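Student: Would you mind keeping the following structure in view while I ask a few things?
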Amino acid sequence: MSDTPVSVTDQGAIRRITVNRPDKLNALNAATLDALLAAFEAAAGDPAVRVVVLTGAGPKAFVAGADIAEISALSAVEGRDFSLRGQRLMRRIETLPKPVIAMINGFALGGGLELAMACHLRIASDNAKVGQPEINLGLIPGFGGSQRLLRLAGRAATLELCLLGAPITAERAYQLGIVNKVVAADALEAETTQWAEQLAQAAPLALRGNLDVIHVGGECAIEEGLQYESAQFGLMFSTEDMREGTRAFLERRKPQFAGR
Ligand code: COA
């Protein structure tokens, strides 16, 4: 078994966070949830990081769910606390001020799909399988899956995945809007890197503005969402990046965004 449940590497402004328990298909135990939370906190606070890629170690799984061995003996109170621990991590990822790409390199089941759904973009290999199989354990999703899947793919798909518990293919997940893109397994790294590099060169404050307004808009009435969009749109005019982006367009050159 590996010593650290999560590994972190940087390639320029791209931070890669890898769930590192391949012999357990990267199942999420409490120590892994805590390590992931710490890794995302660090990414949020590091100005050199402009985009995060989240993936799972090994050839088989992104994350095969919560650690069944660890949760099997929990009491009701401990079960609720485990759920809250997972939900806090998902919320941290979802509200990160920089984009997070889930690179789904195999099974994303239960907590694995919930983890992927907390990310802002999802790219999956064509041999990946995703699902909410908790029903087969006498359980329900506990890291926000019932709520995020509902918002992402609608009631029919959510009821199907949660009630029947059968994993679906990456292609079907794409058709349902659960993943943004499906690529051949041997192209997954390159395609993800292409997205990550593009995001690393984009204007960080405008990325953050987009993340903010889309997140808030998904949770409030349209009038409030529109007002918030206008306020954030106005705020962009105070950034050097906005001046640089518009000037570069008019001067027919590529902009250089500094994140100011
Ligand atoms: N929690 C704990 N351990 C897990 C796990 C999980 N969610 N998923 C896989 N593992 C472990 C297995 O117990 C096995 O460990 P072992 O070698 O020490 O026995 C190892 O990972 C490999 O898994 P295995 O089941 O042998 O691989 P497989 O290729 O036959 O099947 C899956 C792959 C994903 C279909 C199967 O592992 C599975 O159904 N996992 C559970 C999925 C799930 O219900 N997730 C929701 C949890 S709430």
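The values are calculated or read from the model by the stated rules, or taken from the named source; none is laboratory data. Here the structure is a predicted model, which is why all the values come from computation and not from measurement. Virtual Cβ from ideal backbone geometry, glycine too; neighbours counted across all protein chains shown. Please note that ligands, DNA and RNA were not included when accessible areas were found on the heavy atoms of the full protein model with its side chains. Shrake-Rupley method; radii C 1.70, N 1.55, O 1.52, S 1.80 Å.
Student: Would you work out if segment 120-260 is rounded, prolate or oblate? Take a ≥ b ≥ c from the square roots of the eigenvalues of the alpha-carbon gyration tensor; rounded if a/c is under 1.5, else prolate when a/b is larger than b/c, oblate otherwise. Don't skip to the end; give the middle numbers.
Tutor: Details: a/c = 3.48, a/b = 1.64, b/c = 2.12.
Taking the square roots of the gyration eigenvalues as a ≥ b ≥ c, segment 120-260 is oblate.
Student: Determine, for the chain, the count of lysine pairs separated by eight or more sequence positions (or lying on different chains) whose alpha-carbon distance falls under 27 Å.
Tutor: Number of lysine pairs found: 10.
Student: Here is a further query. I need the phi-derived Karplus couplings for segment 181-197: 6.51 cos²θ - 1.76 cosθ + 1.60, θ = phi - 60°, integer Hz, Gly and Pro marked x.
Tutor: Couplings: 7, 10, 9, 4, 3, 7, 9, 4, 4, 5, 5, 5, 4, 4, 4, 5, 5 Hz.
Student: Continuing with this model, one more query. Considering only protein heavy atoms, what per residue accessible area in square angstrom results for segment 203-251 with a 1.4 angstrom probe? Numbers along the way, then the final one.
Tutor: Values: 3330 Å² over 49 residues.
On a per-residue basis, 68 Å².
Student: Follow-up question, since we're still on this one. Karplus couplings for segment 238-249 from phi (6.51 cos²θ - 1.76 cosθ + 1.60, θ = phi - 60°), rounded to Hz, Gly and Pro as x?
Tutor: Rounded to whole hertz, the list is 8, 9, 5, 4, 5, 5, 4, x, 6, 5, 4, 4.
Student: If you don't mind, there's one more thing I want to ask. Under a 5 Å amide H to amide H cut-off, with H placed in plane at 1.01 Å, what residues pair with Ala124 once short-range neighbours are removed?
Tutor: Residues meeting the amide H criterion: Ile104, Lys181, Val182, Val183.
Student: To continue, here is another question. Over the chain, with every protein chain in place, what whole percent of the accessible area is carbon and sulfur at 1.4 Å, could you tell me? Could you put the intermediate results ahead of the total?
Tutor: Details: 7470 of 13190 Å².
That fraction is 57 percent.
Student: Using only the Cα atoms of the chain, what semi-axes does the equivalent ellipsoid have when each is the square root of 5 times a gyration tensor eigenvalue? Give whole Å, largest first.
Tutor: Values: eigenvalues 206, 84, 64 Å².
The answer is 32, 20, 18 Å, longest axis first.
Student: Ignoring ligands and nucleic acids, what accessible area does Glu251 show with a 1.4 Å probe (Å², nearest 10)?
Tutor: Counting only protein heavy atoms, Glu251 exposes about 100 Å² to solvent.
Student: Need one number: nm distance between label points at Arg247 and Asp126, each 7 Å from Cα along Cα→Cβ, rounded to one decimal.
Tutor: Calculated label separation equals 4.6 nm.
Student: Placing unit charges on C-beta atoms (Lys and Arg positive, Asp and Glu negative, everything else neutral), compute the dipole magnitude of segment 203-251 about its Cα centre in debye, rounded to 20. Please list the in-between numbers first.
Tutor: Details: 3 positive and 9 negative charges, 31 e Å.
Charge dipole of segment 203-251: 140 debye, to the nearest 20.
Student: Find how many whole Å separate the alpha carbon centroid of segment 147-210 from the alpha carbon centroid of segment 39-74.
Tutor: Each part's Cα centre sits 16 Å from the other's.
Student: What angle, in degrees between 0 and 90 and rounded to the nearest 10, separates the Cα long axis of helix 222-236 from the longest principal axis of the Cα atoms of the chain?
Tutor: 50 degrees
Student: Further question: May I ask you to give the solvent-accessible area per residue for segment 1-66, in square angstrom, as obtained with a 1.4 angstrom probe?
Tutor: On the way: 2670 Å² over 66 residues.
It amounts to 40 Å² per residue over segment 1-66.
Student: Test of understanding: in a Gaussian network model of the chain with alpha carbons linked when under 10 Å, which of Thr55, Thr32, Thr246 would top the mean-square fluctuation ranking?
Tutor: Greatest mean-square fluctuation among the candidates belongs to Thr246.
Student: Pick out, from Ala48, Gly142, Ala185, the residue whose Cα sits farthest towards the positive end of the charge dipole of segment 6-200, with +1 on the Cβ of Lys and Arg and -1 on the Cβ of Asp and Glu.
Tutor: Working it through, the farthest residue towards the positive pole turns out to be Gly142.
Student: Let me ask another. Please list 3J(HN,Hα) in residue order for segment 25-34, calculated via the Karplus relation 6.51 cos²θ - 1.76 cosθ + 1.60 where θ = phi - 60°; whole Hz, with x for glycine and proline.
Tutor: Once rounded to whole Hz, the list reads 6, 6, 4, 8, 8, 4, 5, 5, 4, 5.
Student: Mean-square fluctuation check for the chain, GNM, Cα pairs under 10 Å: which of Ile123, Ile214, Ile101 is largest?
Tutor: Comparing Ile123, Ile214, Ile101 in the GNM, the peak value goes to Ile214.
Student: Let me ask something else. If amide hydrogens are placed 1.01 Å from N in the peptide plane, which non-local residues have theirs closer than 5 Å to the one on Val6?
Tutor: Counting only residues 5 or more places away or on other chains, the set is Asn20.
Student: Also, I was wondering about something else. About its Cα centre, how strong a charge dipole does the chain have in debye, to the nearest 20, once Lys and Arg get +1 and Asp and Glu get -1 at the Cβ? Write out the running numbers ahead of the final one.
Tutor: Working: 26 positive and 29 negative charges, 78 e Å.
In total the dipole reaches around 380 debye.
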